[in-house]
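Down below is the structure, laid out as structure tokens.
Coordinate-derived values only; no laboratory data. Computed from a predicted structure; not experimentally measured. With ideal geometry, Cβ positions are generated from the backbone for all residues, glycine too; neighbour counts draw on all protein chains shown.
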Amino acid sequence: RPTDLVTLIDQMIDRLNPLAVEQQVALVRTTAQQTWTVNVDPHRMAQVFYNLLSNALRYTPSGGSITIGIAHGEQAQSDCAVVSIADTGMGIPPEKLPYVFDRFYRVEEARSRHNGGMGLGLAIAKEFVEANEGSISVQSTVGRGTTFNVSLPLT
Ligand code: ATP
Ligand code: MG
């Protein structure tokens with residue numbers, strides 16, 4: 001279904017903003033007010049953004065920020081929208097990074113036990129994005145932050 005990514009992202013930002021304010025983390029969307037239309041199930045796509053944003057909030061200490069941007073990309077010769085979600089949080093050690101999309105994988109039980117999830121969010125996100133001819137990747141630096149990039153073909 002044709003779905004505008006900016007609309008979905010704004011909905012998720014609105015939903016998570018009270019939590020962000022409480023945690024003193026800024027949620028910032030940097031893209032211009034234009035449309036980026038991709039062919040996906042909007043509810044499942046919203047879940048993907050919700051997971052990425054709530055992860056970022058969970059692992060970013062107060063005073064930090066989460067920046068959401070959308071840029072043009074290309075993948076297998078087709079035009080893509082690339083959504084980036086960049087936090088200034090604790091980061092993920094390089095040796096753990098290859099496993100974050102695995103089912104039930106959590107980097108460190110202790111650090112997130114109190115508000116812990118199942119370790120499924122990123123696995124579900126990757127499955128969904130790839131099923132829609134897209135891709136998801138992560139870059140991270142311990143102590144500096146983490147960036148997830150979600151690429152989806154434009155309609
Ligand atoms: P669930 O999403 O099922 O509620 P979860 O959030 O623990 O549980 P994932 O979303 O799959 O699971 O994330 C897997 C692991 O990757 C997390 O437990 C966390 O250790 C690490 N992680 C994910 N996002 C970030 C981030 N932005 N900064 C630091 N670590 C992260
Ligand atoms: Mg999660």
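Brief remarks follow.
- Order of Asp79, Asp4 under a 10 Å beta carbon neighbour criterion, fewest first: Asp79, Asp4
- nm² value of the averaged projected area, convex hull over the Cα atoms of the range 1-90: 5.9 nm²
- Principal axis dimensions, the range 19-155 - Cα atoms, whole angstrom, descending: 42, 31, 27
- Label-to-label distance, nm, for residues given as Phe104 and His43 (7 Å Cα→Cβ offset): 2.7 nm
- The gain in end-to-end length when the Ser78 to Leu154 segment is fully stretched comes to 26.6 nm, 0.36 nm per residue minus the alpha carbon separation.
- This ranking places Lys96, Lys126 by how few other beta-carbon atoms lie within 10 Å of each, fewest first, which gives Lys96, Lys126.
- Amide H contacts of Gln75 (H built 1.01 Å from N, in plane; Pro and chain starts excluded): Cys80 sit under 5 Å, all sequence-distant by 5 or more or on other chains.
- Pairwise label distance in nanometres, Glu22 with Ile124, each label 7 Å out on the Cα-Cβ vector: 2.0 nm
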